[in-house]
Amino acid sequence: MPIELLGKSKTELTDLATSLGEPSYRGAQLYQSLYIERLFDLSQMSTLPATFRERLANETKITLPVIRQRYKSHDGSVRYLFSLPPGDDRATSRPASVEAVFMPSDGRQTICISTQAGCAVDCQFCLTAQLGLIRNLTPGEIVAQVLIPLEEHKHALQPNTNIVLMGQGEPLLNFDNVTAALRLLLDPKGIAISPKHTTLSTSGIVPGIEKLAKEEVRPGLAISLNASNDEQRDALMPINKKYPLAALMKACREYPLRSWEYLMFEYVMLGGVNDSLADAKRVVKLLAPLKACKVNLIPWNPGSLPFHESSPEVIDIFQKHLIERDIPTFVRHSRGRDVMAACGQLALNELTSAPNPNSPLPVLP
Ligand code: SF4
């Protein structure tokens, strides 16, 4: 079996080079070609000697996800639907499609990426939940969702790149592959995305938050809150039964924030469900003990799921209540609505051929 190169760390590539009889710096050159120059064809890696490239061509491979579709929005966003090969074992042998979204704006581009094909978490407002978990993505498949859009837009890139792990999947349930991908994305001598410009969004997997807190390389953390008490959250996000609000907020209080960092809380506003002033008051109680946090209120996009939009007045009252209690709170609209920019949307359409315009995510941080 040829060895997959994409997703390997500099150390792994160096070990590979030496195991093939090359000096160790050839591994560093390979790392540079793959991740900095974004060369995915060995024949183009002109820094490597022809004999080494030939050896690599015989014994290794570079597998990019296949771009099944590109949907371009009038706001400049491009939504990618990627096909991935089925997993290796029987349990994960369903073919997988995942989505990534490239969103340009002044001075930066934001790329929203997936970490799993489908998702097992079952949030009631999310289309990806309807896929169930198909399989975890590998580090290479996660990193490729950044490299491909960067390469495609290389002539019009803005100075900064933001990465949000808010596409399909719960990143903390694919912990090892996600953190391996983050080490590649955030390597200052590699792809060099800033941790300040990278956000991992979780549904509230408490052991994963505790584990992430100990990682040397880690992005900003966002919590998908969406409810103000356990009863509500149990109904909207059944994962709350396993990790209820008290445990989640304790993990948030104990999370070691760096000097520049704050915890982001995402709150999808669901009309008549979680958007009352009483909800706002309970959210303040939950968040008040935290050192530094911000809230993104995400207006619901109406569609076939059984939820309704909150009125602008209701969102305004909710936002003002939090701001007056010193919690910075923003209203964020999702991008690329005209290309169905809902997490899980395109993959679900592939399976059902039934377009659905709901769009809980992604939103810009
Ligand atoms: S919102 Fe995120 S965690 Fe919840 S089901 Fe969808 S993809 Fe999974």
Cα-based reach from Lys242 at 20 Å (exclusive), listing aspartates and glutamates while leaving out same-chain residues under 8 positions away
Asp122, Glu170, Glu210, Asp230, Glu231, Asp234, Glu254, Glu266
From the phi of every residue in the range 63-79, what ³J(HN,Hα) in whole Hz does the Karplus formula 6.51 cos²θ - 1.76 cosθ + 1.60 yield, where θ is phi - 60° and glycine or proline is x?
10, 9, x, 7, 7, 7, 8, 10, 10, 9, 9, 5, 8, x, 5, 10, 9
By the gyration tensor of its Cα atoms, with a ≥ b ≥ c the square roots of the eigenvalues, what is the shape of the chain: rounded for a/c under 1.5, prolate for a/b over b/c, or oblate?
prolate
Nearest 10 degrees is fine. How inclined is helix 10-19 to the longest principal axis of the chain, computing both from alpha carbons?
20 degrees
What residues qualify as long-range amide H neighbours of Arg94, i.e. H under 5 Å apart, gap of 5 or more or another chain, H built at 1.01 Å from N?
Gly87
Net dipole in debye of the range 128-219 [+1 Lys, Arg Cβ; -1 Asp, Glu Cβ; about Cα centre; nearest 20]
140 debye
Sort 49-55, 5-11 by the packing proxy (mean of other Cβ within 10 Å over each peptide's residues), most packed first.
5-11, 49-55
With θ taken as phi - 60° and the coefficients 6.51, -1.76 and 1.60, list the Karplus ³J(HN,Hα) couplings across the range 214-229 in order, rounded to whole Hz; mark glycine and proline as x.
8, 6, 5, 9, 8, x, x, 10, 10, 10, 7, 8, 6, 7, 10, 8
Amide H neighbours of Val331 at under 5 Å, excluding residues fewer than 5 places away on the same chain, with H built from the backbone geometry, are Leu297
Net charge (Lys, Arg +1; Asp, Glu -1) of residues whose beta-carbon lies under 13 Å from that of Thr115, Thr115 excluded, is -3
How large is the dipole of the chain about the Cα centre if only Lys and Arg carry +1 and Asp and Glu carry -1, each at its Cβ, rounded to the nearest 20 debye?
420 debye
Could you tell me which chymotrypsin sites (Phe, Trp or Tyr not before Pro) in the range 250-314 are loop residues by DSSP with no more than 13 other beta carbons within 10 angstrom of their beta carbon?
Trp260
Any lysines whose Cα falls less than 16 Å from that of Lys291, other than same-chain ones fewer than 8 residues away, would be Lys250
Top mean-square fluctuation among Ala292, Ala57, Ala247, Gaussian network model of the chain, C-alpha springs under 10 Å?
Ala57
Counting pairs of alpha carbon atoms under 8 Å apart in space and at least six apart in sequence, what relative contact order in percent does the chain give?
14 percent
For the range 3-61, the fraction of alpha-carbon pairs in successive 5 Å shells from zero, as %:
4, 22, 38, 30, 7
Rounded to 10°, Cα long-axis angle of helix 50-59 versus longest principal axis of the chain:
60 degrees
Considering only Ala100, Ala117, Ala288, give the residue with the highest GNM mean-square fluctuation for the chain, with springs between Cα atoms whenever their separation is below 10 Å.
Ala288
Which one of Gln232, Gln32, Gln44 has the biggest mean-square fluctuation once the chain is modelled by GNM with Cα springs under 10 Å?
Gln44
For Val164, the residues 5 or more places away or on another chain with a placed amide H closer than 5 Å to its own amide H are Ile111, Cys112, Ile113, Thr199
How much of the DSSP beta bridge set in the chain is antiparallel, as a percent to the nearest 5?
45 percent
Among the trypsin sites (Lys or Arg not before Pro) within the range 166-247, which fall in a DSSP loop and have no more than 11 other Cβ atoms within 10 Å of their own Cβ?
Lys189, Lys214
Expressed as a whole-number percentage, the relative contact order of the range 3-61 with C-alpha contacts under 8 angstrom and at least six residues apart is 34 percent
Helix 312-324: angle to the longest alpha-carbon principal axis of the chain, degrees 0 to 90, nearest 10?
90 degrees
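Coordinate-derived values only; no laboratory data. Remember, predicted model here, so these are calculated numbers, not experimental data. So basically every Cβ, Gly included, is an ideal-geometry build from the backbone, and we count neighbours across all protein chains shown.
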